[in-house]
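All of the numbers you see were taken from the coordinates with simple rules; none came from a lab. Computed from a predicted structure; not experimentally measured. Virtual Cβ from ideal backbone geometry, glycine too; neighbours counted across all protein chains shown.
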Amino acid sequence: MSKVKFISAQDAAVMIPDGACVGTCGFLLTCTAEEILQEIEKRFLQTGKPQALSLMWAAGIGEGGTAKGLNHLSYAGLLKKTVGGHYGLIKKMIPLITENQIEAYNFPQGVISQMFREMAAKKPGVLTHVGLGTFVDPEFGGGKLNNQATEDIVTKMNLDGTDYLFYKSQQIDIAILRGTESDENGNISFRREALTLEALAVAMAAKNNGGKVFVQVEKKVKNGTIDPKNVIIPGILVDFVVIVADEKNHMQTAAIQFNEELISNRAVLEQPARDFPLDERKIIARRAALEIENTDHVLNFGIGLPEGVADILKEEGITEYFTASVEPGLIGGVALGGLNFGSALAPEAIIDEPYQFDFYDGGGIDVTFLGMAQCDCEGNLNASKFGSRIAGCGGFIDISQNAKKSIFCGTFTAGGLKTNVNEGKLQIANEGREKKFVQCVEHLTFNGTYERLKNKRILIITERAVFELKATGLTLIEIAPGIDLEKDVLAHMSFKPVIAENLKIMDSIIFYDKPMGLINNY
């Protein structure tokens, strides 16, 4: 007989003890147990309980400027320690970190998802090459985000002459998760969820540690009505099921209540191309798209500017020649952006996030397109921390270190940059206030010295200049037509890069407001 209990979110909040280590998952608001998190916040504000929680998660759980997701738990006193993959969406947590009110650690998203899986089996941790040479390497900080973080969770080891990082398992007391429906025995389906993430691993990690598992669902169904293959979290792992009271606390994504096309491969893929004017963002995306040389490539697109590369493939009519993938577990379909990032229309497969990162770690991505915020003279990149602004690395490290080709996309300067294109030539109408090519990056998210030894193509693409990370250093290989090398490029860098002897002009087809004709290559 099942021992699972069906309770309210308010009841669940009361059952979170002081000092507990809480494991949860979500991607923005996809698969986020929003109602349970809301009630924990309400209880804390009313009673001061629970206190001194440790919190562990992999992907960013929140919605940008709103107070949703893990923002509900971002209070001094409520939190003691955080181990997270991405912090950028959890705005209320950042002051707690910068003011040293909590212990805060940032590790690669894929590694954390795999840590949950290892914790489920009571293994000591994750041994991996992911993170070597970056800020999570003990030589460069060990993933510690502030002075309050003193524990060495990650250590460096050498096996048979090869360096690895060992990420030590944590002990999870409470799992807060979400599915679509529960049967009377607590078997949980994810039938209407856009992802499955690492929910099964988190549930196992808590249960095998003697902890409790709470799952928020839309409804309760009779035993036998869920196909066994559709049970993502078996009832033997579930202690408490919360049937959501307000459907707005159970949105499929941060933007959509529910769309069948996110979970069905029968969706219509002919989506209209979005209005994409020929500005600096489109120029970068167009140049980046030229780096896809073969059909059958598996691609990965980061959030933000790199999403534009997918728009270019659509505009050029060549999307069908490639397979897109997104780190939370999506393969195929049309990857979405903005508040729907992490979801796709008509995906071919949705797999658990730890397995997606297994694929990535082994070199499964042919080409990745990621953002670029700061670059220095060694080809090091920062995409994780800027003064008091903490984004976290997310999947950036896992992906950038293991893709066969890494393309980093970003404007040349930041803060007010405006450009014009006239007769195939680029003009800088207003220069950005902030340099992005600096003498030394603030945070080491990508180690150029380490990565350039891997004999793979690494490009940094801006609207006016293209750089390649070569054995001899960061090398300027192309500039845009209409751009003056000294005035528009070198004058806005804090260092002088290597300049290729055969410095080229970027392909002119990029700078005309019409399709580039890439369909003719296939």
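Structure values in brief
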| item | result |
| --- | --- |
| Protection proxy ranking of 114-125, 167-178, 139-150 - average other beta-carbon atoms within 10 Å, highest first | 167-178, 114-125, 139-150 |
| Cut-off 15 Å (backbone N to label point 7 Å along Cα→Cβ of ILE236), residues of the range 145-188 | 185-188 |
| Computed label-point distance, nm, for sites TYR522 and GLU348 using a 7 Å Cα→Cβ extension | 1.2 |
| Cα gyration tensor category, rounded, prolate or oblate, for the range 279-336 with a/c compared to 1.5 | oblate |
| Residue order, fewest to most beta carbons within 10 Å, for HIS129, HIS86, HIS250 | HIS129, HIS250, HIS86 |
| Computed FRET value (nearest 0.05) for ASP507 with SER388, which takes r as the C-beta separation and R₀ as 51 Å | 0.80 |
| Out-of-range pairs (alpha-carbon distance over 20 Å; input LYS81/LYS385; LYS49/LYS92; LYS81/LYS168; LYS5/LYS81) | LYS5/LYS81 |
| Overall Cα dimensions of the range 183-247, principal axis frame, Å, largest first | 29, 27, 23 |
| Of LYS248/LYS514; LYS144/LYS220; LYS156/LYS314; LYS207/LYS404; LYS3/LYS229; LYS405/LYS514, those spanning more than 32 Å from alpha-carbon to alpha-carbon | LYS248/LYS514; LYS144/LYS220; LYS156/LYS314; LYS207/LYS404 |
| The range 5-246: C-alpha gyration tensor shape, a/c 1.5 cut-off, then a/b vs b/c | oblate |
| Other-chain or far-sequence residues with amide H under 5 Å of LEU177's (modelled H) | PHE214, VAL215, GLN216 |
| Long-range HN-HN contacts of LEU79 with modeled amide H, under 5 Å | ALA52, LEU53 |
| Sites ASP152 and ARG457, calculated FRET efficiency, Cβ-Cβ separation with R0 45 Å, nearest 0.05 | 0.80 |
| Estimated dipole of the range 280-521 in Debye, rounded to 20 [Cβ of Lys and Arg +1, of Asp and Glu -1, Cα centre] | 700 |
| Distance (nanometres) between label positions extended 7 Å along Cα→Cβ at THR47 and ALA500 | 6.4 |
| Under the Karplus curve 6.51 cos²θ - 1.76 cosθ + 1.60, θ = phi - 60°, whole-Hz ³J(HN,Hα) for the range 16-31, x wherever Gly or Pro sits | 7, x, 4, x, 6, 9, 9, x, 8, 8, x, 9, 6, 10, 5, 6 |
| Listed residue (PRO138, ALA310, GLY410) projecting farthest to the positive dipole end of the chain, Cβ model | PRO138 |
| Protection proxy ranking of 363-369, 442-448, 253-259 - average other beta-carbon atoms within 10 Å, highest first | 442-448, 363-369, 253-259 |
| Point-charge dipole on Cβ atoms (K/R +1, D/E -1) for the range 5-246, about Cα centre, debye to 20 | 320 |
| Long-range HN-HN contacts of ALA349 with modeled amide H, under 5 Å | ILE331 |
| Relative contact order for the range 5-246, counting Cα pairs under 8 Å that sit 6 or more residues apart, in percent | 21 |
| Net charge of Cβ neighbours under 10 Å - reference THR32; Lys, Arg +1; Asp, Glu -1 | -1 |
| Net length gained if the chain between ALA414 and GLU139 were fully extended (0.36 nm per residue, minus Cα distance) | 96.0 nm |
| Protection proxy ranking, peptides 487-500, 196-209, average beta carbon neighbours within 10 Å, highest first | 196-209, 487-500 |
| Cα-derived Rg over Rh, computed across the chain with Rh taken as Kirkwood radius | 0.98 |
| The range 139-145 - phi-based ³J(HN,Hα) in whole Hz, Karplus 6.51/-1.76/1.60, Gly and Pro as x | 5, 10, x, x, x, 7, 9 |
| Residues listed by number, the range 182-218, amide nitrogen under 17 Å from MET15 label point at 7 Å toward C-beta | 182-188, 203-218 |
| Charge dipole (debye, nearest 20) of the chain; +1 at Cβ of Lys and Arg, -1 at Cβ of Asp and Glu | 920 |
| Diffusion coefficient, µm² s⁻¹, Stokes-Einstein with Kirkwood Rh over alpha-carbon pairs of the range 280-521 at 10 °C and 1.306 mPa s | 87 |
| Fraction of antiparallel bridges per DSSP, the chain only, in percent to nearest 5 | 45 |
| Using θ = phi - 60° and Karplus 6.51 cos²θ - 1.76 cosθ + 1.60, couplings along the range 46-54 (whole Hz; Gly, Pro as x) | 8, 10, x, 10, x, 10, 6, 7, 9 |
| Cα→Cβ-extended label distance, 7 Å offset, between LYS222 and ASP358, nm | 3.7 |
| Value of relative contact order over the chain, rounded to a whole percent, pairs C-alpha under 8 Å and six or more apart | 13 |
